[in-house]
Amino acid sequence: MNCYICAILSMLALTSAQPFPFHLDILVDTKEENHIYNITEGFFNATELTSLASRNISPVTFTLHTENETPGISSFTEKNSSSSAYIDLKRNPSDVLCILSKNMHVTYVRIRPTTPTICKSTNQIRPSVTDYMDIAHQIYKFNQSAFSSVKYITDDMYDFDLSIYQRRYNSTLKMMMFTMKNGSVPSPIKRFATDGNTDFFIMYASSDVIKTTLWSLSTLRNQTTTRSDNWIVIPSDSAECPDIPGLNFAIVCVRHDFSKESRISNVSESLVDVFLIRVLDMFETAMRGFDGTSPSVQNNPKQQLAWHIYNSTKTTVLKNDVMNIEHLKGNSKTQIGYWTRDTDVVLTTAPFENAPPSQLSVITMHEPPFVEKIVNESGTYFQGYTIDVLDKIAEEMGFTYVIREARDKQYGLALPDGSWTGIVGEVQRGEADLAAAPVSVTAEREQVIDFTNPYYDYAGLQILMSGTIASSSMFGFVDVFDGPVWLAWFGFLGLTGIMLYVFHILVYRVFSKEKEKDKDKVFSISDTLWFLVSSITIYGPDKTPSTFAGRVLVIGFWFFCQIMMATYTANLAAFMTSKRLTTEINSLSELASQNSIKYSSLAGAVSEAYFSRMKGIEENFFELWKNMSYAKSNGRNDLSVWDYPLDDLYSRMYGHINETGFLKSSKEGVDRVLGGGFAFIHETPMIKYEMTKYCNLITVGEVFSAKPYAFVLQENSPLKEAFNAKILELQADAFFEQRKEVWWSQSVSCPKEDDSSSGLPFKNLSGVFILTGAGFATGFLVLGIECIVFKWKKRKEFKEQLKEASVAPKFPQISRLSSLRALFVKSKTTNSTNSTIDLTISEVD
């Protein structure tokens, strides 16, 4: 009986343009008829139909067919079809319809893997059986074992290429194919499962058949010898691995994962259901891309749309297929890897018991010196302390790895919905087997992933700032005071000298009645300068002012000199003996109490989690204190705490960091510190490394929130014990210390800081000796000038005397007796040997 169920879901066109109808024929087994009808009707709901009608796709109809027929086609010679597309869900699909649909250019999609036929599906809407077998071969090859035989077990005749192993690995393999009838286990399978000669088994069947077969084999194994046979099972009808109670040996299950496909993730576990939704979604996307024209078909609107769907979907290649690989033993299921078309099989651990790992998927993050990403002409690679440790472990454990950088370039923070970002999140979700980066071990992270033993102890948080240092100079003693102080000092000295000189001029030259007598008491300019200079030194002046006003002036001047010299001496001692990097911030609390210097930390790192958690603790404690102090105590007054005992340090800092913005990388933080006016709160190993590259970086305050670094593994990873053992061995061999010497010993040449314990260097005091030598040279220069001037004056006086002696008469005319007397007295005293003028007073008289 031809059961024809048709549901016509039509909408009037919203515009006056020509409508393009779409009709879908679905071939389905009778027992699934109602179920498929409900899924299809739910997909083409009123909202969906309205949206399609707005693009002139109307009406949209579908029909379910349960009999073997070719709907929409009257004969083999028919070139046109009333259908826009076909979906074949039958266990035994129609080969005739497949051939005719291609001839008419109407899309035909098969969902179930089928028997060998002359017709190939026009669309790849799910992985083929060949893909499933290839996944199984890759899992076996992960063991790096030279297995020689594989037994394939299915519940139907499926079309797949048995040469896939030879083409991929260039190796031959003894293969046997078994098809189970009525769910019973063939006798050869029972023999192979217990004789210990078969290497591996691959079973592609329904979940019920897999469960029955393995339960039966488990019973046989209990009655015979125990052997760790290697089984891979792939459910053909379910997106979940079957539960097999009483299973006493480990197997590997490969199943579909639709968690990242939004329209499929909420559908049932049946693969028919999820692939049906995928096909309907593909048709809907094709219809939305229809522009109303088709170059090959001009008359029939339905054929125009069908032609467009055929051409736009026939080359569809699905890249979003994800297969989860799980380890089953008893009632426990553990994901050990995944498969995609881009990555092939990626495993986090050995799929079978006693099998060593082959290749791990590793994620990391650029964080020198632990991990440094190098990009050059030869490609991209990673190096650093952590990579050295990982390479050593991989060498000794015998595995290889493929490494990449974390997608969001963060270490990992917990989100409100319970998921994680960064490295921790990717490992938790199974997107990587191992994280090799400086990831801090925290209790919060250990709730979702596993840490190995630490490979770096201990890394805390500290403040990194740009320090200032006074460079050594031969005239460093001049830098004790800045320019204005020196100008003020010398200006005061000059003013004092001028006033002292003026005071003496007024007293002894202007107001004095005995000017000739007091002329020796006057301070000359040279006396004033000598008085000022000697007053500053310890020696003191040898001549002091004789006027009362001058002495009053000098009292204030000497007090000024005493204070200035004491201040200069004290500061000179500190200035000469302390030439180290300094900052105006000395602790975390000082950093939080100022606003002139911005500060922040790395996004997604342990520093962000630390300040966020401490902020929450302060807020919770404040609420507790408020409730104890102000709420009704019901007679418990002893719980009241009137003075709030804590500061809101971390709340203020977290608010400031949020306002400044978290940094995307350590390099950004260091660059901002070098630019000045910024403090970077970062982890100490990275800070020490940056300080070896830049001379003006300085750490401020104490180290806080110290935690070790370790490798990150998936929760309950079987790799944990092996990694822990190797890390302990490397620690005993001092391997970690050797690598630290390599990565933290490289540094640029920085000026050495002066150390007061080793004495002042000559460079710091060389200016004093130069100044003293300049004084000596100036003294000799002045002495030479004085000698020249003295000789010049003496020669001038001698010439004048000769001139006077040559023009003056022997007996000059004497007008008065006193003058004559004086002349003779002088002549007698000056030249007693001259007899011609040697006259006495009596003789003159």
#### Entry: Accessible area (Å², 1.4 Å probe, nearest 10) - K333
80
### Query
Which of the peptides 668-681, 37-50, 82-95 is most tightly packed, and how do the rest follow, going by the mean number of other Cβ atoms within 10 Å of each residue?
82-95, 668-681, 37-50
### Summary
Given a Förster distance of 51 Å, the FRET efficiency implied by the Cβ-Cβ spacing of V789 and L674, rounded to the nearest 0.05, works out to 0.25
### Query
Quick one: which of K667/K693; K141/K314; K392/K740; K141/K392 span more than 22 angstrom between C-alpha atoms?
K141/K314; K141/K392
### Task
Take each of the peptides 599-607, 685-693, average the number of other beta-carbon atoms within 10 Å over its residues, and list them starting from the highest.
599-607, 685-693
### Query
So how do 785-793, 722-730 stack up, highest first, on mean other-Cβ count within 10 Å?
722-730, 785-793
#### Entry: Volume in Å³ per residue [convex hull over Cα atoms, computed for the stretch 318-464]
173
### Task
Give the long-range amide H neighbours of S58: residues separated by 5 or more places, or on another chain, with amide H under 5 Å away, using H modelled in the peptide plane at 1.01 Å from N.
F20, F22
### Task
Please give the FRET efficiency for S128 paired with D29, using the beta carbon to beta carbon distance and R0 = 22 Å, rounded to the nearest 0.05.
0.55
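The values are calculated or read from the model by the stated rules, or taken from the named source; none is laboratory data. Keep in mind that what you see is a predicted model, and the values were worked out from it rather than measured. Cβ: placed from backbone, ideal geometry, glycine included. Neighbour counts: every protein chain shown. Ligands, DNA and RNA are excluded from the accessible area calculation, which covers all protein heavy atoms including side chains. Shrake-Rupley method; radii C 1.70, N 1.55, O 1.52, S 1.80 Å.
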